Amino acid sequence: MYNLAILVSGNGTNLQYIIDKIDTGDIKAKIEIVISDKSSAYAIERAKKNGIKTLILDKKNLKNNLSDEILKNVKNCNLIVLAGFLSILKGEIVELFKNRIINIHPSLIPSFCGKGMYGIKVHEAAINRGVKVSGCTVHIVDKGTDTGTILKQKIVTVNKNDTPESLAEKIHILEHKALEEVINEYISGKIDPEILKR
Ligand code: GRF
């Protein structure tokens, strides 16, 4: 079985989508564990409702040890999916899981990404800049912030009536699909971590 670890910090609609796609057989994998860096993340409730093992590793308490604590709990996993996870992974986990950690970001990287660019701020920046298209990016997690290899991007048109909130909503729908596609590409071997290492 292909084992996933899903890391979350918030609402967890991306997590829910993955759960639903596993239920319908569209993603042939098992969610081994859902880890949150925030005790209040609703994503944890979603996981519990579906009988998935959960773990809260509070970043406020763990500080620099967060990544190492995560590593201890994902050793059996094939792929780590950051689905709205707001902490930066560092240290051994990034090396041991090289090319096997992916993140979903709600813009077309390299625009509107990097340190401090998360949540609604991303969409505010896009609207303020007057972009005509935006979208989402699934990328590999490396030591930087949003700097890893881009695996997939999906695009939406930004209309003159769009607000940061309406743009976020449109992009969210695409995020779900993009993550599903990339996870399936990993499972089917289309994205081979060995090839990415070269
Ligand atoms: C998404 O917009 C994702 O791109 C970003 O955080 C948000 C998480 O949404 N990294 P959800 O918690 O999966 O609903």
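The values are calculated or read from the model by the stated rules, or taken from the named source; none is laboratory data. All values derive from a computational prediction rather than experimental measurement. Backbone-built Cβ (ideal geometry, glycine too); neighbour counts: all protein chains shown.
At a glance:
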quantity	calculated
Positions within the range 43-65 being within 16 Å of the ligand (Cβ to nearest atom) and either surrounded by 15 or more Cβ atoms within 10 Å (Cβ to Cβ) or within 16 Å of Ser87 (Cβ to Cβ) (or both), in sequence order	Ala43, Ile44, Arg46, Ala47, Asn50, Ile52, Thr54, Ile56, Lys59
Output for the range 10-41, where each listed residue is touching a strand residue (DSSP E or B) at 6+ places or on another chain (Cβ under 9 Å) and surrounded by fewer than 18 Cβ atoms within 10 Å (Cβ to Cβ)	Lys30, Ser39
Check on His176, within 13 Å of the ligand (Cβ to nearest atom), under 15 Å from Ala83 (Cα atoms) and either of a type in the set (Ser, Thr, Tyr) or out of contact with any His (no Cβ under 9 Å at 6 or more places or on another chain) (or both)	yes
Subset of the range 97-108 (residues that are closer than 14 Å to Ile155 by Cα and within 11 Å of the ligand (Cβ to nearest atom))	Ile104, His105, Pro106, Ser107
Contacts under 6 angstrom Cβ, first residue in the range 173-198 being within 14 Å of Lys28 (Cα to Cα), partner at pLDDT below 95, 6 or more apart	Glu185/Ile191
Test: residue in the range 119-128 that is of a type outside the set (A, V, I, L, M, F, W, C), part of a strand (DSSP E or B) and buried (at least 19 other Cβ atoms within 10 Å of the Cβ)	no
